[in-house]
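Here is the structure we will look at, set down as structure tokens.
The values are calculated or read from the model by the stated rules, or taken from the named source; none is laboratory data. Treat the numbers as computed from the prediction; the structure is a model and nothing was measured. Here Cβ is always computed from backbone atoms with ideal geometry, including for glycine, and neighbour counts include all displayed protein chains. The accessibility values were calculated without ligands, DNA or RNA, using every heavy atom of the protein model including side chains. Shrake-Rupley method; radii C 1.70, N 1.55, O 1.52, S 1.80 Å.
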Amino acid sequence: MKHFIDLHEDVSISDLEELLSIAEDLKAKTKAGIPHPLLAGKTLGMIFTKSSTRTRVSFEVGMYQLGGHPLFLNANDIQIGRGETISDTAQVLSRMVDAIMIRTFKHQDVVDLARFGTIPVINGLTDDQHPTQALADLLTIKEHKGTLKGLKLCYVGDGNNVANSLLQACAKSGMHISVASPASHTCPSFYVDQAKKDAAVTGSRIVMTTDPFAAAKDADVIYTDTWTSMGQESEKAARVAIFKDYQVNGELMSHAAKDAIFLHCLPAYRGYEVTADVIDSPCSVVFDEAENRLHAHKAILVKCLG
Ligand code: CP
Ligand code: NVA
């Protein structure tokens, strides 16, 4: 595994299993206070053209805990923000840092960074995918349920970057996934077809529907994300109208399995995609999920850079 850009393209089924096991091991070591300076002397450049709390802090702290050094590069402060090309940026950074993590709009920019550079590239979210989130989600589900294969995850809401990566992650790990979205905002068929290919190998079942209650039926995991992703702020009012029937609330949760857990990548908007009584209830594991970004990202760093 050279890059961590696209779960379908870059991460094999065995890579995924290995990443989860490295993450579990590093989490245990962190909790026990056992030092693990596996990346001593290594440097990670972190380019952000969108906001972030969890991704930035977890990669930054993760690099420190691994004995390496993170460099936060706000796109407005580096020459990329003034029009320097991705190709030149990739070639320059390849001479100075050991890997790049990037959060940006166009997925192709991340692919190009990897194509023109010579060092590993990690996708910290694009308009199309959020693979580091999906890895932390699998880690969280495995911790709470003991396994992944054969479980049912229900994603309700916008067929966005988080949903696309969850489709890929579930298909690779043998989890069943039902995605309920309005027909106008479902996941692109490209991601559904791709997931079905992996599902044929792992036994995962992929269901796309417009009916949130059908999707939630007997689900072990209920997942949602904001209705308005970064870059879509001007569409907020229209989106609230489009997604109003796709809220995760007590009624929707009552269709899931009795011991179902609730996940959300965060940031969450209570009263929109999820009600406060769900996200702040005992079935919600969103803060375990947020913490697991740290452990999952350390596993990605070790596998790409170690
Ligand atoms: N879930 C997630 O990626 O959070 P941030 O936008 O805060 O990084
Ligand atoms: N879909 C959201 C995820 C934020 C972590 C966005 O792209 O803004």
Regarding A75, is this residue small (G, A, S), more than 22 Å from V97 (Cα to Cα) and out of contact with any Asp or Glu (no Cβ under 8 Å at 6 or more places or on another chain)? no
Quick check on this structure: which one of M63, M1, M46 is modelled with pLDDT under 95 and either aliphatic (A, V, I, L, M) or open to solvent by 40 Å² or more (accessible area, probe 1.4 Å) (or both)? M1
Kindly state which strands (runs of 3 or more DSSP E) lie completely within the range 123-216 and contain at least 1 residues that are buried (at least 23 other Cβ atoms within 10 Å of the Cβ) and in contact (Cβ under 8 Å) with a residue 40 or more places away in the chain. 152-156, 176-180
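Let's see how each residue does on (1) free of Cβ contacts under 8 Å to residues at least 12 places away in the same chain; (2) assigned to a loop (DSSP other than H, G, I, E, B):
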| site | (1), (2) |
| --- | --- |
| L20 | no, no |
| D25 | yes, no |
| G41 | no, yes |
| F59 | no, no |
| L71 | no, no |
| D77 | yes, yes |
If we keep only residues of the range 49-59 that are open to solvent by 40 Å² or more (accessible area, probe 1.4 Å) and of a type outside the set (S, T, Y), then the residue nearest to ligand 1 (Cβ to nearest atom) is R54
Identify the residue in the range 4-43 that is among the small types (G, A, S) and within 30 Å of S229 (Cβ to Cβ) and, among all such residues, is most open to solvent (accessible area, probe 1.4 Å). S12
Please work out which residue is nearest to ligand 1 (Cβ to nearest atom), limiting yourself to the range 224-264 and to residues that are part of a helix (DSSP H, G or I), open to solvent by less than 70 Å² (accessible area, probe 1.4 Å) and not hydrophobic (A, V, I, L, M, F, W, C). R239
One residue is enough: does the range 5-22 have a residue meeting the conditions in contact with a Pro (Cβ under 6 Å, 6 or more places away or on another chain), within 16 Å of ligand 1 (Cβ to nearest atom) and modelled with pLDDT of 95 or more? yes
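Conditions (1) farther than 24 Å from L305 by Cβ; (2) in contact with a strand residue (DSSP E or B) (Cβ under 6 Å, 6 or more places away or on another chain), marked per residue:
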{"position": "V111", "(1), (2)": "no, no"}
{"position": "G117", "(1), (2)": "no, no"}
{"position": "I122", "(1), (2)": "no, yes"}
{"position": "E143", "(1), (2)": "yes, no"}
{"position": "G146", "(1), (2)": "yes, no"}
{"position": "A163", "(1), (2)": "yes, yes"}
{"position": "A171", "(1), (2)": "yes, no"}
{"position": "G174", "(1), (2)": "yes, no"}
{"position": "S181", "(1), (2)": "yes, no"}
